[in-house]
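Visitor: The structure follows.
The values are calculated or read from the model by the stated rules, or taken from the named source; none is laboratory data. Remember, it's a predicted structure, so these values are computed and weren't measured experimentally. Note: ideal-geometry Cβ built from the backbone for every residue, glycine included; neighbour counts use all protein chains shown. To get the accessible areas, we keep the full protein, side chains included, count just its heavy atoms, and leave off ligands, DNA and RNA. Shrake-Rupley method; radii C 1.70, N 1.55, O 1.52, S 1.80 Å.
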Amino acid sequence: MNEEPRIGVYICHCGVNIAGSVNIKEVVEYVKNLPHVVEVRDYIFMCSAPGQEIIKEGVKKYNLNRIVVAACSPTMHEHTFRNVLIEAGLNPYLLEIANIREHCSWVHSESREAATWKAYTLIRVAVAKASLLEPLKDITFKVNKNVLIVGGGVAGLSAARELALKGFKVYLIERRPVLGGNTARLGRIAHTELKGKDVVGELLKQVVDNPNINIYVNTEIIDVSGSVGNFKIRVVRQPRHVNEKCNLCGECVRVCPVEVSNEYEFGLTKRKAIYLPYLGAYPPLYVIDHENCTRCLECVKVCPRNAVNLAEKPEEIELNVGAVILAAGHEPYEPLIGEFGYGVSSRVLTLFQLERMLDEESPTKGELKINGIQPKSIVFIMCVGSLNITPNAYPYCSRMCCSSTIKNALVIKERYPETNIYILHKDIRTYSRGDEQLYLRAGERLIRFARYREAPNVLVNPDGSIDVRFFEETIQEEVSISADLVVLSVGMKPPKDIDRIRTIVKVGCGPEGFLREAHLKLRPVEAATDGVYLAGTVTGPKNIVEAIDSGSAAASKALTLLVKEEAIVEPLVAVVDDERCSACSICVGICPYNAIRIKTYEDRRIAEVDPAVCKGCGACVASCPTGVMQQFGFKDAQLKSQVLAALYK
Amino acid sequence: MSQDLEPRIVVFACNWCSYAALDLAGVSRMKYPPNFLVIKVMCSGRVDPQFILEAFRRGADGVLVAGCHPGDCHYIEGNIKALRRMTLLRRVLEGFGIEKERFRLEWISASEAEKFVRVANEMYQEIKSLGPLKLQETV
Amino acid sequence: MEKPKIALYWCASCGGCEEAVVDLADKILDVVNLVDIVFWPVAMDYKIQDVENLPDGSITASFINGGVRLTEHEHVVKLLRRKSKLVIAYGACSAWGGVPGLANLYSREEILRYVYHEAPTVENPDKTRPQLKTKVEEEITLELPDLLPRLLPLDLVVDVDYYVPGCPPTPDVTWKAIETLLSGNLPPRGSVLGASDKSLCYDCPLNETKPDKVLIKDVKRPHEVLADPSKCLLTQGLTCLGPVTRGGCGALCIKAAMPCTGCFGPLDEVIDYGGKAISYFASIVDYADEEEIKKVLGKILDPMGVFYRYSLPASRLRGKIILAER
């Protein structure tokens, strides 16, 4: 754009929010003399309809081609004023906001002089940049209507259900051989007669027969290219070695010589290398754990339906989707060996192990017996792995453990009323509907609550008996309880391969390793990467209801993209000056989104930015050794002009 | 006309964390010296050491680059790129004889308005006591 | 028709640029046929008065190499500016200060003290220093030029029309620059003559050996590693400044398995050569942890010498800010 800049500057009083601290008159006088400034107006509320009119009139009357609005933060009204420019017939990117409220009047209200100086200095900076702004065009592209969901737990299933019901095609991938995630392993869910796997079963009913949903178990994502609306995904499916002919007769399990710890029973029992993860699992087929299988072929020989095939190979599959929902879930915190006696004494269990044991389908048929004896005194220690109670604990609250602990304590009290139960806690957070009643009922049933300050000491005596010692906050005394069983209410932690997944899909994470939302409050199920949505515990601890909710929410957010034929992104992307690019490749390795490739044209090699993939961070621009890579809206010349204007004396 | 304020400190703030933290400082009516002039970039990874050298050249008495905490970057690791560059830039600034107090790289999340205010106050005090940065011009 | 008049002069320079002119070999005869050399202290016996006696603007072009370090340099380049239609900064020192420009990391006093008192090879118990004026006989006082506080690139002293890069400019670049000047079809003032408008990587025979992503885990100094001459030197951890340096040299150092040290200077868009160099170089150090980053970058023992080897006096900050001399 070669025309001479003609800048209109519109200064907002924001009632008294700005005008109360800033001498608007003085600012107006100052700004009038800045280069390229043709019109300066001030008004009580520039964002109001009459305020917007003033801008539109100015554009018409003075033939303005750049607008500076000096008002609140651009996060408040940049959008509003961009629309004003469109209505006035200008390109919306010819707007620059000077933030004279949040960055000036509100923080420098003690000195009118200082606030006034800062206001016109900030406007000077904005005017300098405005004079170098260029008209830009939004980037549009076609949207593929399919969705990839990573993770087949309740959040992923919930999202799949919503999308399939709306008629969108879903690829649901799960790294384990069965769907249902952590929920499938839970016992009775509080306030219901359902068990974890019943909840999963209900969801599965609505999912597995829907022709819009393609389920891939034993499958992991290995690569993503493209971007919002057009992702190319590569996944790899590990062989199950057992096909649909399997009728679950169980002959294979009988002959399999390999025994390993059963992760679906949290290590309480052993399973074979060929196994059914749990009763009622989907898909309802046996599976061979090829890491532990010795290839002895006993199962192949014995299978009456020839359903076992050890020759199957991993298979790579390419999927084209418009959106990705990450519902990769969590893992329970696993205490270190020796932490609260865990792994040292058979009388120390995690809450999940206890819950499995209380399940009537458990190896003990629901009987609570430790080394064959029914415990008389049970101590629950809460917040294990959470709230920083130990050096390797996570800093957050895992949300579901309080209610879950109390629920299990009540189950025990129901079945074995004589048991003495102590719940040692740092804090009780029974925040969900009905949970507070559980807490009160626990009190009525004489379950004793005690509050520790420092993590309790679990002393395993030589005779195998256990004493739990801690300083009780309420009575301000050292307390020692002798326990037949200690239950560790462990929290949640990010799944172990989350770093691998998030690096592939390009999603940030917080210090604890959970994935980061685009905005904690306003965009809780969207990743900062366009077209990627987050569901369930992958963003942090949630209970089942919350996880199902967030699955539906992520699906709904994805739908807002998928229902469009074309998607739009802001054009503040990187751009190469083709003529002078030296093809040094530095930018290619800097781009976190793989948006830059070196392309060859006849003899000429140049870097090329895919504007649909570029997210506009500008890291490549700063790294470009020759300065031919630039970013629309943040070009070197524009930023330099701001530096100069800020320092002009 | 109001007096020019000294010292003058240029802030490069990323859109998602640090710029938002400065907004929050405003919303919370916190107070900090007016000497900090913010230039918004989308990511601290956009900040080119050239801009900082240019700022010192043009009379900045201090420069603050503020981005999201490591791991929190909106663009995955733009802040890490800033960290790499600023680590080397710091040694170059030392080579030029610019006191280390005049240049800072800080991680300031959107909720850390207080941290920005603390950093601003510290920088202001330190730079005030160093006095203005005077470059030698020609002969 | 009268032949164009040419002057050649050296300031703070090693003499390599003068050699470069001689290195034109056969072509120097062509040059001599095409122009009249009116001043060339290194090679011919002219006196300063010869230049002073010329009418203003009568020299077609003055090729000046070396940075301006002495009052004498300052005097002569101002004189040549007055007498010349075009002033050409010839070579890295004249364009940006060059290696002698690294002296701008020290004050004038520090330099004199070291050179005349402290250097290990100096024996000077009386602590004598060169005097500006020395009376040798009753009537005769010898004068020496004074050392300026700093070394200055030519364009900070006089207006410069064109630049010819290199330490020294290669014969090829020199010849191309001369051809451009003689063609009469002059590029915009301030242009770099004889070299490329792209970085060295573009011409580098090793550019296509780069992997997709140029990232490094370690930094090596040239003597610490036996570089593989068939692979991009930057990807081997050497501080090759090829990406940030103007091409046109023919990748001579690279062909000898030595990393580019940047003598062809920056491209047009670059604000500060060293600033840009540290920006791309630090960016590719493939660690996220601050300590690791510091450790690896710490292997660059002398960042000023590496990244500002030829351009310190022309950098945004010119040199070390020395409090004592304020």
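Visitor: Report yes if C:Pro222 is surrounded by fewer than 18 Cβ atoms within 10 Å (Cβ to Cβ) and without any contact (Cβ under 8 Å) to a residue 12 or more places away in the chain, otherwise no.
Guide: It is false that C:Pro222 is surrounded by fewer than 18 Cβ atoms within 10 Å (Cβ to Cβ) and without any contact (Cβ under 8 Å) to a residue 12 or more places away in the chain.
Visitor: Does B:Gly131 qualify as being on the phi > 0 side of the Ramachandran plot, out of contact with any Leu (no Cβ under 9 Å at 6 or more places or on another chain) and more than 13 Å from chain A (Cβ to nearest Cβ)?
Guide: So B:Gly131 fits the description; yes.
Visitor: Those residues that are open to solvent by 20 Å² or more (accessible area, probe 1.4 Å) and not polar (S, T, N, Q), I need them from region A:62-76; list them, please.
Guide: The answer is A:Tyr62, A:Met76.
Visitor: So which of A:Arg271, A:Arg305 is surrounded by fewer than 17 Cβ atoms within 10 Å (Cβ to Cβ) and outside the structural domain of A:Ile215 (by TED's automatic domain parsing)?
Guide: Selected residue: A:Arg305, the only one of A:Arg271, A:Arg305 that is surrounded by fewer than 17 Cβ atoms within 10 Å (Cβ to Cβ) and outside the structural domain of A:Ile215 (by TED's automatic domain parsing).
Visitor: Identify, by number, the condition in (1) touching a Ser or Thr at 6+ places or on another chain (Cβ under 8 Å); (2) farther than 30 Å from A:Lys166 by Cα; (3) charged (D, E, K, R) that A:Lys197 doesn't meet.
Guide: (2)
Visitor: For C:Lys255, are the conditions met, namely being closer than 19 Å to C:Asp197 by Cβ and not small (Gly, Ala, Ser)?
Guide: In short, no.
Visitor: Please go through region A:414-427 and give me each residue that is modelled with pLDDT under 95 and open to solvent by less than 60 Å² (accessible area, probe 1.4 Å), ordered by number.
Guide: A:Asp427, the sole residue that qualifies.
Visitor: Which of the residues spanning region A:19-61 are of a type in the set (D, E, K, R) and open to solvent by less than 30 Å² (accessible area, probe 1.4 Å)?
Guide: A:Glu39
Visitor: Looking at region A:389-406, which of its residues are buried (at least 20 other Cβ atoms within 10 Å of the Cβ) and not hydrophobic (A, V, I, L, M, F, W, C)?
Guide: Hits for region A:389-406 are A:Tyr394, A:Ser398, A:Arg399, A:Ser403, A:Ser404, A:Thr405.
Visitor: If a residue has to be more than 7 Å from every other protein chain (Cβ to nearest Cβ) and among the charged types (D, E, K, R) to count, how many in region A:69-109 make the cut?
Guide: Qualifying residue count for the region: 4.
Visitor: So C:Pro266 clears everything in (1) within 11 Å of chain A (Cβ to nearest Cβ); (2) assigned to a helix (DSSP H, G or I); (3) in contact with a strand residue (DSSP E or B) (Cβ under 9 Å, 6 or more places away or on another chain) except one condition, right? Which one?
Guide: All conditions are met except number (2).
Visitor: Which ranges mark the helices (runs of 4 or more DSSP H) fully within region A:557-649 that have 2 or more residues being facing chain C (nearest Cβ under 9 Å) and not hydrophobic (A, V, I, L, M, F, W, C)?
Guide: Result: A:636-647.
Visitor: When B:His69 is evaluated against the numbered criteria (1) more than 20 Å from B:Lys128 (Cα to Cα); (2) more than 9 Å from chain A (Cβ to nearest Cβ), which criterion, by number, is the only one it fails?
Guide: Checking B:His69 against (1) more than 20 Å from B:Lys128 (Cα to Cα); (2) more than 9 Å from chain A (Cβ to nearest Cβ), the one that fails is (2).
Visitor: Looking only at region B:1-18, count how many residues are in contact with a strand residue (DSSP E or B) (Cβ under 6 Å, 6 or more places away or on another chain) and facing chain A (nearest Cβ under 8 Å).
Guide: 1
Visitor: Here is a list: A:Ala637, A:Ala646, A:Ala622. Which entry is touching a residue at least 60 places away in the same chain (Cβ under 8 Å) and surrounded by 21 or more Cβ atoms within 10 Å (Cβ to Cβ)?
Guide: Going through A:Ala637, A:Ala646, A:Ala622 in turn, just one is touching a residue at least 60 places away in the same chain (Cβ under 8 Å) and surrounded by 21 or more Cβ atoms within 10 Å (Cβ to Cβ): A:Ala646.
Visitor: From the list C:Cys249, C:Cys240, C:Cys232, C:Cys260, which residue is farther than 27 Å from C:Leu317 by Cβ and either in a loop (DSSP other than H, G, I, E, B) or not hydrophobic (A, V, I, L, M, F, W, C) (or both)?
Guide: C:Cys232
Visitor: If I ask for residues that are within 15 Å of A:His425 (Cα to Cα) and crowded, with 22+ Cβ neighbours inside 10 Å, which ones from region A:471-493 would you list?
Guide: Answer for region A:471-493, where residues must be within 15 Å of A:His425 (Cα to Cα) and crowded, with 22+ Cβ neighbours inside 10 Å: A:Val486, A:Val487, A:Leu488, A:Ser489, A:Val490, A:Gly491.
For every residue, the table says whether it meets (1) under 27 Å from C:Pro55 (Cβ atoms); (2) assigned to a loop (DSSP other than H, G, I, E, B); (3) in contact (Cβ under 8 Å) with a residue 12 or more places away in the chain; (4) away from chain B (no Cβ under 14 Å).
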| residue | (1), (2), (3), (4) |
| --- | --- |
| C:Thr128 | no, yes, yes, yes |
| C:Arg150 | no, no, yes, no |
| C:Pro168 | no, yes, yes, yes |
| C:Thr174 | no, no, yes, yes |
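Visitor: For region A:57-68, which positions are out of contact with any Gly (no Cβ under 9 Å at 6 or more places or on another chain) and hydrophobic (A, V, I, L, M, F, W, C)?
Guide: Residues satisfying the conditions do not exist here.
Visitor: Starting from region A:471-483, take each residue that is closer than 25 Å to A:Pro375 by Cβ and in the same structural domain as A:Ile423 (by TED's automatic domain parsing) and list its partners that are part of a loop (DSSP other than H, G, I, E, B) and open to solvent by 60 Å² or more (accessible area, probe 1.4 Å), counting only C-beta distances under 6 angstrom and pairs at least six apart or across chains.
Guide: Filtered contacts from region A:471-483: A:Phe471/A:Arg453.
Visitor: Further question on the same structure: Suppose we filter region A:430-457 for residues that are open to solvent by less than 90 Å² (accessible area, probe 1.4 Å) and in a loop (DSSP other than H, G, I, E, B); how many remain?
Guide: 6
Visitor: Run down A:Leu310, A:Leu336, A:Leu319 and say which single residue is within 29 Å of A:Ile233 (Cβ to Cβ) and assigned to a loop (DSSP other than H, G, I, E, B).
Guide: Sole residue among the options that is within 29 Å of A:Ile233 (Cβ to Cβ) and assigned to a loop (DSSP other than H, G, I, E, B): A:Leu310.
Visitor: Something else: Take the conditions within 28 Å of A:Ser398 (Cα to Cα), of a type outside the set (Phe, Trp, Tyr), at pLDDT 95 or above and out of contact with any His (no Cβ under 9 Å at 6 or more places or on another chain) and apply them to A:Leu319. Does it pass?
Guide: no
Visitor: C:Asp197 passes all but one of (1) touching a residue at least 24 places away in the same chain (Cβ under 8 Å); (2) away from every other protein chain (no Cβ under 14 Å); (3) surrounded by 13 or more Cβ atoms within 10 Å (Cβ to Cβ); which number fails?
Guide: (2)
Visitor: Report the residue count in region A:103-128 for those that are open to solvent by 10 Å² or more (accessible area, probe 1.4 Å) and outside any helix (DSSP H, G or I).
Guide: Matching residues across region A:103-128 total 4.
Visitor: Regarding region C:285-306, can at least one residue be identified that is out of contact with any helix residue (DSSP H, G or I) (no Cβ under 6 Å at 6 or more places or on another chain), within 12 Å of chain A (Cβ to nearest Cβ) and within 30 Å of C:Arg108 (Cβ to Cβ)?
Guide: No, that holds for no residue.
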